[in-house]
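Accompanying notes for the structure given below.
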Amino acid sequence: MKIKVNDVHKFYGNGDSRVEVLRGINCEIQDGEICVLLGPSGSGKSTLLNIIGGIEMADAGCIDIGEDCTKRMNEKELTLYRRNHLGFVFQFYNLVPNLTLKENIEVCAYLSKNPLEIDELLRTLGLYDHKDKLPSQLSGGQQQRCAIGRALVKNPSLLLCDEPTGALDYQTSKEILSLIEQVNRKYRNTIIIVTHNDAIKNIANHVLKMRDGMIVSDYVNENPISASQLEW
Amino acid sequence: MRNPLSKRYSLEFKKNAGRYICIFLLLVITILIGSGFLCVMESVKYSLDEYLIDNKVEDAYFETAFPLEDNVKNMLGKEDIVLCDNYYSSVEEFDGDAKVYVFNERNEMNIPALFEGKLPTNGNEIAVDRLFAQNHDIAVGDSLELNKIKYIVSGTISLPDYSSLFLNNQDLVMNTTGFGVCMVSEEGFDKFDKSTVTYRYSYRHNERNLSDKEKVEAANRIHKLLVGNGVNVQDFLIAQNNQSIIFLQNDMGKDGPVMEVLIYILIVIMAFVFAVLSSHTIEEEAPIIGTLRSMGYKKWELILHYITPTIIVTFLASVVGNALGYTVMIEPFKRIYYTTYCLPPLALRFNQTAFIKTTIIPVVIMIVVNLALLINKMSLSPLRFLRKDLKKRKQKKAAKLPNFKFISRFRIRVILQNKGSYLVLFFGIFLSSFLLMFGIGLQPLMDHYVDTIDDTLPYEYQYILKAPVEAEGGEKVLIYSLETEYYLTGDNVDVTFYGVQEDSQIFNDFTLPTEQNHIVVSDSFAKKLNVNVGDEIIFEDTVYEKKYTLVVDTISPYTNNLGAYMSIDDLCKLLEKDAGTFNCYASQKKLDIDDAYIAKLMNRSDFLGAAKQMMISFGDVITIVNVFSVFAYLVLMYLLTKIVIDKNSLYISFMKVFGYEKKEIRKLYLDASAIVTLISLLICLPLESYVFKMALVYISSLIEGYMDFYLPVSVYVKIVITGALAYFVINALHLQKVKRIPMNEALKNRE
């Protein structure tokens with residue numbers, strides 16, 4: 001799925017405390033690429049991700065998703081947009097604690113007319129043997145795999161990952177990034193990864209660097225490396 | 001320095017205003033009903049006790065066919081009693097079909113208490129029972145015609161031997177519209193035709209400390225003495241068996257504990273609601289608690305902090321509940337007693353015990369339940385709080401569920417996650433539905449009772465005779481009263497024996513036993529005494545000190561009293577009376593019998609009117625109960641199902657992010673509560689109906705008659721519909737709340 005961000009502005013607060021967190025963002029993310037949105041805390045990268053995901057609305061500018069523009073969508077259409085096209089992965093996995101791993105994946109499978117085969121997906125994620133366990137019985141890495149599985153089961157055309165390795169150790173982070181790479185290769189979906197970890201940019205096809213609500217660098221990485229080769 | 005945590009209270013009340021307002025209101029209503037009721041009940045009880053002593057209520061009365069001879073009266077004097085004439089004239093068909101007993105002036109015993117006006121001083125004046133006057137729109141100064149004699153109403157009174165207006169001692173309830181009592185002066189009483197007068201004598205023991213047993217023994221001696229001297233005794237009733245005297249005392253003695261138990265159950269449920277809510281707050285604030293504990297806050301400081309809102313709400317609810325209970329609730333509860341009973345004027349008393357029961361005990365229950373929970377929760381280490389790991393027992397594995405559809409499994413998981421809240425909800429629904437069952441079910445229960453009597457009563461008129469007399473059109477019956485032991489209480493109950501004609505056209509719903517010592521018993525008899533065909537029952541004649549063992553041959557459909565039937569010849573043989581002895585006529589039409597021969601006339605409406613009274617007496621209570629039940633439904637459902645949303649608001653936010661629509665989120669989270677509510681409503685029905693049935697058995701044990709359990713399907717349907725409607729109102733509120741949960745809740749970084 002191709003995404004075009006057109007002069008997006010976003011403000012928080014009112015009056016004297018009004019802050020502009022996105023100051024006219026323009027960029028284009030091509031179908032099937034891994035795009036890393038890099039920047040320090042407060043740079044506006046998560047806000048941009050939320051606007052792309054239709055969770056927040058831009059105060060000015062718009063996001064073109066294929067032929068559609070999120071600004072013209074009403075609440076129901078935005079819901080359907082998220083339902084039909086998007087998958088989300090969060091920093092803290094956010095699995096439903098009283099559901100098993102398989103059921104957590106079913107949460108999103110339920111929304112799709114043609115979900116991936118869950119047991120096969122669980123095998124791909126290396127979680128098949130844990131499918132009947134609760135999230136609290138698993139490590140952080142396993143939980144994040146499950147969260148990725150939950151996002152993938154709908155086979156979304158756009159996968160949004162907000163700091164997916166932020167809560168994981170070095171080795172597990174690399175495993176998760178490898179998994180994201182693998183998913184991209186297998187399903188050819190567009191993936192946007194928000195991170196403050198500079199090393200992760202090396203696996204991306206496209207890197208957007210942000211600072212103070214603006215894109216300070218936008219370039220295509222001609223020679224991405226595999227996640228297993230990453231070091232930081 | 002002031003504890004900085006105390007600043008959080010106002011924020012907490014603001015944040016959870018709906019929760020605290022609901023609990024506050026339910027507590028206030030519970031306490032105001034409890035305190036108002038107990039205050040009135042205790043005051044009435046005190047007034048009644050004083051009244052019975054001061055106005056010298058009788059220890060027993062007996063009625064004779066003719067006035068006692070002086071020699072018999074002299075013999076009775078040896079019993080160390082004060083004997084008084086307590087004659088009355090029976091007035092039939094007053095103001096329609098009401099029956100009135102007009103008593104002669106009373107100065108020594110059963111002295112009237114004056115409400116309004118003055119006692120009759122001349123032959124033209126009459127004082128009318130206050131309740132009867134109220135029910136028949138009789139005012140002081142009105143003119144009344146009784147047995148063709150005109151009187152002016154001089155005042156309204158109550159009589160201590162008629163605090164409850166029972167026309168017949170076996171009636172289930174009093175009959176305040178169909179029966180009344182009045183009093184005239186001696187001069188006024190002399191105007192009545194002698195044929196309308198019943199010769200009642202009341203007596204009091206001079207020794208005031210006799211036990212019940214001694215009073216019964218004395219009564220048996222007196223009864224025997226009267227019969228032994230050829231007196232035709234029509235009726236003999238000691239005060240402890242006289243419903244007109246004892247019913248209210250029994251009723252009040254029993255109402256109090258029932259009300260207290262209901263209040264305590266409700267308070268315990270509310271305490272658990274608070275506990276569930278506090279538990280949720282602690283789970284939500286676990287990292288804060290962990291941080292405070294790590295920084296040196298003591299366990300007790302935090303327990304105190306978290307229990308304070310509970311104490312504040314309970315304390316305020318107690319103050320407001322009591323204030324309203326002792327003011328606005330006095331009149332409605334007073335009305336319950338004063339539209340049912342003939343009581344002396346009420347002197348309201350502040351009752352310390354009632355205050356302890358309705359205020360101190362609920363506050364203590366509330367504190368103890370919540371303290372236990374908080375102590376238990378706070379016993380975890382600060383680290384566990386920091387990690388939000390508050391489960392005492394680790395949940396090792398997920399419960400294995402059948403291969404249902406995803407949505408069904410999800411709902412089951414939600415139900416399992418909130419099992420504590422749902423359990424409290426179940427008990428709340430049980431109690432509310434039970435109260436509602438009482439509120440909605442009483443009317444059809446009473447209608448059924450009246451209808452069954454109406455359908456099965458085999459005659460229109462029953463004439464008890466002072467002496468045998470021939471009458472055209474009636475069937476001769478021998479009526480006699482024996483006693484048998486009631487298995488539940490161990491006390492004796494009166495059973496009316498009917499000796500009927502072999503070829504009776506009236507008692508034709510059964511075949512008379514052909515064997516000696518076999519009887520037919522009424523349906524009420526069989527149910528109350530739990531007897532079946534073939535059972536042997538021992539009956540006792542306390543006057544002649546004889547015992548009879550009789551076998552149940554058949555059960556008749558009659559429900560008007562505890563009756564036993566056999567042929568008149570067999571009953572005469574059994575009681576060793578001359579063949580052909582009779583003392584009653586049963587007939588389908590009015591008989592032409594000289595009034596001088598009639599001791600008591602009962603018609604169909606006398607039997608039915610009493611039952612109708614119950615709905616009048618309970619009118620106010622039913623409204624209070626119904627309103628309270630619906631309110632309790634709403635509050636408990638709101639609080640306990642809201643927890644499900646509060647607990648899952650983060651995940652509901654995720655669902656929105658994933659693309660779930662509102663109706664799908666409702667299916668996942670709200671329908672789980674709807675299912676639990678509906679299942680609870682349905683499961684509770686047989687339980688409530690069982691408790692209701694037990695309550696009727698208990699009530700039957702207190703009274704002479706018997707009321708069969710009956711609730712039409714419509715009552716059950718109404719309960720479920722009311723509960724379901726209450727839930728739908730709450731569901732609509734929850735849907736709005738779900739709608740307001742923002743998606744960015746899911747996006748906040750959290751661990």
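The values are calculated or read from the model by the stated rules, or taken from the named source; none is laboratory data. Bear in mind the structure is a predicted one, so any value in this text is a computation, not a measurement. Glycine also receives a Cβ, built like all others from the backbone with ideal geometry; neighbour counts cover every protein chain displayed.
Quick one: in region B:57-81, of everything that is aromatic (Phe, Trp, Tyr) and modelled with pLDDT of 90 or more, which residue is farthest from B:Ile245 (Cα to Cα)?
B:Phe62
Tell me, yes or no, whether region B:669-686 has at least one residue that is closer than 30 Å to B:Asp523 by Cβ, of a type outside the set (A, V, I, L, M, F, W, C) and within 36 Å of the chain's Cα centre (by Cα).
The answer is yes, given that some residue of region B:669-686 is closer than 30 Å to B:Asp523 by Cβ, of a type outside the set (A, V, I, L, M, F, W, C) and within 36 Å of the chain's Cα centre (by Cα).
Can you tell which of B:Thr327, B:Thr340, B:Thr291, B:Thr308 is assigned by TED's automatic domain parsing to the domain that holds B:Arg8, crowded, with 19+ Cβ neighbours inside 10 Å and out of contact with any Pro (no Cβ under 6 Å at 6 or more places or on another chain)?
B:Thr340
What about B:Arg204, is it outside any helix (DSSP H, G or I) and modelled with pLDDT under 90?
For B:Arg204, the condition - outside any helix (DSSP H, G or I) and modelled with pLDDT under 90 - is not met.
Give, as residue ranges, the helices (runs of 4 or more DSSP H) completely inside region A:65-131 that count at least 3 residues that are at the interface with another protein chain (Cβ under 8 Å from one of its Cβ atoms).
Of the helices (runs of 4 or more DSSP H) lying wholly inside region A:65-131, those with at least 3 residues that are at the interface with another protein chain (Cβ under 8 Å from one of its Cβ atoms) span A:75-85, A:101-109.
Which number in (1) more than 14 Å from chain B (Cβ to nearest Cβ); (2) over 27 Å from A:Lys113 (Cβ atoms) marks the one condition that A:Tyr187 misses?
So the condition that A:Tyr187 fails would be (2).
Among what's in region A:170-195 and is among the hydroxyl-bearing types (Ser, Thr, Tyr) and surrounded by 22 or more Cβ atoms within 10 Å (Cβ to Cβ), pick the residue that is nearest to A:Lys45 (Cα to Cα).
Checked region A:170-195; the qualifying residue nearest to A:Lys45 (Cα to Cα) is A:Thr195.
Please state which of the following conditions A:Arg145 fails to meet, knowing it meets all the rest: (1) within 24 Å of B:Ala399 (Cβ to Cβ); (2) of a type in the set (D, E, K, R); (3) more than 13 Å from chain B (Cβ to nearest Cβ); (4) without any contact (Cβ under 8 Å) to a residue 24 or more places away in the chain.
All conditions are met except number (4).
Could you say which residue among B:Ile246, B:Ile289, B:Ile282, B:Ile307 is assigned to a helix (DSSP H, G or I), touching a Ser or Thr at 6+ places or on another chain (Cβ under 8 Å) and either under 30 Å from B:Glu50 (Cα atoms) or of a type outside the set (Asp, Glu) (or both)?
Only one candidate passes the filter, namely B:Ile307.
Here is a list of conditions, (1) at pLDDT below 80; (2) over 20 Å from the mean Cα position of the chain (by Cα); (3) surrounded by 22 or more Cβ atoms within 10 Å (Cβ to Cβ), and B:Val657 meets all of them except one; can you say which number that is?
Every condition holds for B:Val657 apart from (1).
Give just the number: which of (1) in the same structural domain as B:Asn532 (by TED's automatic domain parsing); (2) surrounded by fewer than 21 Cβ atoms within 10 Å (Cβ to Cβ) does B:Gly474 not satisfy?
(2)
Please go through region B:438-471 and pick out each residue that is surrounded by fewer than 20 Cβ atoms within 10 Å (Cβ to Cβ), assigned to a strand (DSSP E or B) and aliphatic (A, V, I, L, M).
Of everything in region B:438-471, just one residue is surrounded by fewer than 20 Cβ atoms within 10 Å (Cβ to Cβ), assigned to a strand (DSSP E or B) and aliphatic (A, V, I, L, M), namely B:Ile464.
Any residue at all in region B:400-412 that is among the aliphatic types (A, V, I, L, M) and in a helix (DSSP H, G or I)?
Yes: region B:400-412 contains one or more residues that are among the aliphatic types (A, V, I, L, M) and in a helix (DSSP H, G or I).
Picking from B:Asn370, B:Asn376, which residue would you name as being buried (at least 16 other Cβ atoms within 10 Å of the Cβ) and outside the structural domain of B:Arg130 (by TED's automatic domain parsing)?
Only one candidate qualifies: B:Asn370.
Can you tell me which of (1) over 46 Å from the mean Cα position of the chain (by Cα); (2) closer than 27 Å to B:Ile265 by Cβ is the one B:Pro362 doesn't meet?
Tallying (1) over 46 Å from the mean Cα position of the chain (by Cα); (2) closer than 27 Å to B:Ile265 by Cβ, B:Pro362 fails exactly one: (1).
A quick yes/no check of all residues on (1) over 27 Å from A:Val183 (Cα atoms); (2) surrounded by 15 or more Cβ atoms within 10 Å (Cβ to Cβ); (3) at pLDDT 95 or above; (4) touching a Leu at 6+ places or on another chain (Cβ under 7 Å):
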position	(1), (2), (3), (4)
A:Val19	yes, no, no, no
A:Asp31	no, no, no, no
A:Gly44	no, yes, no, yes
A:Leu48	no, yes, no, yes
A:Gly54	no, yes, no, yes
A:Ile63	no, yes, no, no
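Residue-wise test of (1) within 14 Å of chain B (Cβ to nearest Cβ); (2) farther than 14 Å from A:Cys35 by Cα; (3) touching a residue at least 60 places away in the same chain (Cβ under 8 Å).
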residue	(1), (2), (3)
A:Leu158	yes, no, yes
A:Leu168	yes, yes, no
A:Thr172	no, yes, no
A:Ile192	no, no, yes
A:Thr195	yes, no, yes
A:Asp198	no, no, yes
A:Ile203	no, no, yes
A:Val207	no, no, yes
A:Glu222	no, no, no
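Inspect region B:526-543 for any residue being crowded, with 21+ Cβ neighbours inside 10 Å, out of contact with any Leu (no Cβ under 8 Å at 6 or more places or on another chain) and either basic (Lys, Arg) or within 21 Å of B:Asn241 (Cβ to Cβ) (or both) and give the result as yes or no.
no
Would you confirm, using the coordinates I've provided, whether B:Phe404 is of a type outside the set (Lys, Arg), more than 28 Å from A:Phe92 (Cβ to Cβ) and away from chain A (no Cβ under 14 Å)?
Judged against the criteria, B:Phe404 is not a match.
Within region B:710-730, track down each residue that is touching a residue at least 60 places away in the same chain (Cβ under 8 Å) and either in contact with a His (Cβ under 6 Å, 6 or more places away or on another chain) or surrounded by fewer than 20 Cβ atoms within 10 Å (Cβ to Cβ) (or both).
Answer for region B:710-730, where residues must be touching a residue at least 60 places away in the same chain (Cβ under 8 Å) and either in contact with a His (Cβ under 6 Å, 6 or more places away or on another chain) or surrounded by fewer than 20 Cβ atoms within 10 Å (Cβ to Cβ) (or both): B:Tyr710, B:Pro712, B:Ser714, B:Lys718, B:Val729.
Which of the residues spanning region B:103-126 are among the aliphatic types (A, V, I, L, M), more than 30 Å from B:Tyr461 (Cβ to Cβ), in contact with a Gly (Cβ under 8 Å, 6 or more places away or on another chain) and assigned to a strand (DSSP E or B)?
B:Leu114
Looking at region B:231-243 only, could you name the residues that are farther than 19 Å from B:Cys584 by Cα and not in a helix (DSSP H, G or I)?
Within region B:231-243, B:Leu237, B:Ile238, B:Asn242 meet the criteria.
Give the residues of region B:344-401 that are of a type in the set (D, E, K, R) and either over 30 Å from B:Met329 (Cβ atoms) or within 14 Å of another protein chain (Cβ to nearest Cβ) (or both), sorted by residue number.
Scanning region B:344-401 gives B:Lys377, B:Arg384, B:Arg387, B:Lys388, B:Asp389, B:Lys391, B:Lys392, B:Arg393, B:Lys394, B:Lys396, B:Lys397, B:Lys400.
Counting just the residues of region B:480-495 that are crowded, with 18+ Cβ neighbours inside 10 Å and touching a residue at least 60 places away in the same chain (Cβ under 8 Å), which one comes out nearest to the chain's Cα centre (by Cα)?
Checked region B:480-495; the qualifying residue nearest to the chain's Cα centre (by Cα) is B:Val493.
Might you check whether a residue that is outside the structural domain of B:Asp49 (by TED's automatic domain parsing), small (Gly, Ala, Ser) and either buried (at least 21 other Cβ atoms within 10 Å of the Cβ) or in contact with a Cys (Cβ under 7 Å, 6 or more places away or on another chain) (or both) occurs anywhere in region B:67-80?
No; the residues of region B:67-80 include none that is outside the structural domain of B:Asp49 (by TED's automatic domain parsing), small (Gly, Ala, Ser) and either buried (at least 21 other Cβ atoms within 10 Å of the Cβ) or in contact with a Cys (Cβ under 7 Å, 6 or more places away or on another chain) (or both).
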